[in-house]
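**Student:** Pasting a structure here, questions to come.
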Amino acid sequence: TIGMVVIHKMGYTAAGTSTNGLKFKIPGRVGDSPIPGAGAYAEDAVGAAAATGNGDIMMRFLPSYQAVEYMRGGEDPAVACQKVVSRIRKYFPNFFGAVICANVTGSYGAACNKLPTFTQFRFMVYNPLTNRPTEEKVDCI
Amino acid sequence: CGPLPLVLNTWPFQNATEAAWETLVAGGSALDAVESGCAACEREQCDNTVGFGGSPDESGETTLDAMIMDGTTMNVGAVGALRRIKNAIGVARKVLEHTAHTLLVGDSATKFAKSMGFISEDLSTNASRALHADWLAQNCQPNYWRNVIPDASKYCGPYKPPSILKQDRSTYRETGNNYGHD
C-alpha cells in the first residue's frame, strides 16, 4: 500500500492511497485504504494523514481522520500519529500499522506500532529543504 | 514549520514521491500530485502491495482499492475491490470528478471505469498465479476464515459455519495477531 499526503505551496491539501490489499483475502474483502478517514484524510484548515497496515483492524479506528483531529487540537504531527497508534494498540497490541501526518505549516511526522519484526517505519519526504526525495525512518512505539 | 510544498508518502517508494513533486513543479494541484504519485506505484507494482500482479485473493484474482481526497472541497473519490482495471487511483479520481458518490466497488466500479475510458484487462501475472498456486499447495494457509468447518487452520475450503448445536457460544474475539497487511 502507498498512502500519500501533499500540501501545496498555497496550503491546499490532498491525500490518497492505492493498494492491491491483503494476500489470499476472501473475495470481496476491502481494507482500510479506500475508506475516507481510514486510509487517508485531508482538510485545508488542518493538514492531512494516511495510514498503512492490516486494514481489517485499522479501519475500525479511522486513523487518518483521528490524526487530523489531533492536529486540529494543536498536536504536532508526530504526536498526532503516535496518539493514533496508541489508541489502536490499546485494543490490538499486536496490530501491524503505521501512520504519516502533516499539517499546513509544512511540519510532518510518522508513527508505527512496534512488533518483534517491525521496529522502524520508512517513509519518503520531498520539500524545498530536502531538494530531492528523501527517505526518513521513525522508531516504532 | 517546514517549507511548502510538501510531499509525504508511506514506505520508501521514491519514484512515487518524485512523480508527485514533479507534478507540483509543473503547476499541478495537490490532487494531481497525489494521483500521479500513487499511479507511479501502480505502474511499478511497488513492493507487490500496489497495482496489478500482487496479493491474489483466495480465487487467485488481484483486485485493487484506492481513494483520493481534496482537502479544500472535502470531496472524495474511491474504489474498492476494483476488478480488471490497472489504474485504480485514476478511477478514484473520476469518481470524485464525475459523480456525487464517494465509493464504488466491485464489478460495477469496473463498469464505471470502462464508461470513463479505462481498459479492462487481466490483473494477474505469472508471479501472482505462482503465489496463489503455492498457497493452495499449502492447504490455503494463512487464511481469514474463523469458526468454520472444516478447520480453516488446517484445510482449504469451501467452509461453512459449524452446526448450530455445536456452535461455540462465546463470540469469537480477534486478536489482531498474524495478520497480513494492506
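**Student:** Give, as a single signed number, the net charge of other residues whose beta carbon lies under 13 Å from the beta carbon of residue B:46, with Lys and Arg counted +1 and Asp and Glu -1.
**Tutor:** Net charge around residue B:46: -3.
**Student:** For chain A, what is the relative contact order in percent, using Cα pairs closer than 8 Å and at least 6 residues apart in sequence?
**Tutor:** Relative contact order for chain A comes out at 19 percent.
**Student:** Per residue of B:11-22, how many C-beta atoms from partner chains lie within 10 Å of its own C-beta, taken as a mean?
**Tutor:** Taking the mean over all residues of the peptide, I get 6.
**Student:** Here's something else I'd like to know. Using the Kirkwood radius built from alpha carbon pairs, what does the Stokes-Einstein equation give as D for segment B:58-112 at 37 °C and 0.692 mPa s, in µm² per second?
**Tutor:** So the translational diffusion coefficient is about 296 µm²/s.
**Student:** Report the local net charge at residue A:31: Lys and Arg +1, Asp and Glu -1, summed over other residues whose C-beta lies under 10 Å from its C-beta.
**Tutor:** Residues close to residue A:31 contribute a combined charge of -2.
**Student:** Can you give the local net charge around residue B:111? Use residues other than it whose beta-carbon is closer than 12 angstrom to its beta-carbon, Lys and Arg +1, Asp and Glu -1.
**Tutor:** +2
**Student:** Report, in degrees rounded to the nearest 10, the 0 to 90 angle that the Cα long axis of helix A:77-91 makes with the longest principal axis of chain A.
**Tutor:** On a 0 to 90 degree scale, this one is about 10.
**Student:** Averaged over A:57-70, how many beta carbons belonging to a partner chain fall within 10 Å of each residue's beta carbon?
**Tutor:** 1
**Student:** Also: Per DSSP H run of at least 4 residues, take -39500 (n - 2.57); add these up for chain A, divide by its residues and hand me the 222 nm value, nearest 500 deg cm²/dmol.
**Tutor:** -6000 deg cm²/dmol
**Student:** Taking 2.2 N^0.38 Å as the expected size of a compact globular protein, what ratio does the Cα radius of gyration of segment B:60-148 give against it, to two decimals?
**Tutor:** Cα Rg divided by the expected 2.2 N^0.38 Å: 1.31.
**Student:** Place +1 on the Cβ of every Lys and Arg and -1 on the Cβ of every Asp and Glu in chain A, take the dipole about the Cα centre, and give the residue among A:127, A:42, A:93 whose Cα lies farthest towards its positive end.
**Tutor:** Looking along the dipole axis, the top candidate is A:93.
**Student:** For chain B, list the cysteines whose Cβ sits under 4.7 Å from no other cysteine Cβ?
**Tutor:** B:1, B:38
**Student:** Could you tell me what a quarter of the Cα convex hull surface of chain A works out to, in nm² with one decimal place?
**Tutor:** 8.3
**Student:** Using the alpha-carbon atoms, what tilt in degrees (0 to 90, nearest 10) does helix A:63-72 show relative to the longest principal axis of chain A?
**Tutor:** The two axes meet at around 30 degrees.
**Student:** Averaged over B:59-66, how many beta carbons belonging to a partner chain fall within 10 Å of each residue's beta carbon?
**Tutor:** Counting other chains' Cβ atoms within 10 Å and averaging over B:59-66 gives 6.
**Student:** When DSSP assigns beta bridges and you keep just the ones with both residues in chain B, what percent turn out antiparallel, to the nearest 5?
**Tutor:** The antiparallel fraction comes to roughly 75 percent.
**Student:** Rounding to the nearest 20 debye, state how big the charge dipole of chain B is about its Cα centre with +1 on each Lys and Arg Cβ and -1 on each Asp and Glu Cβ.
**Tutor:** 720
**Student:** Stick to Cα atoms and the Kirkwood definition of Rh, then tell me Rg/Rh for chain B.
**Tutor:** The Rg/Rh ratio comes out at 1.06.
**Student:** Given a cut-off of 38 Å, what percent of all Cα-Cα pairs of the protein assembly as shown lie beyond it?
**Tutor:** Of all Cα-Cα distances in the protein assembly as shown, 12 percent exceed 38 Å.
Values quoted throughout were computed directly from the atomic coordinates according to the rules given, and no laboratory measurement underlies them. Nothing here was measured: the structure is a model prediction, and the numbers come from that model. Quick reminder, even Gly has a Cβ in these numbers, built from the backbone with ideal geometry, and neighbours come from all protein chains shown.
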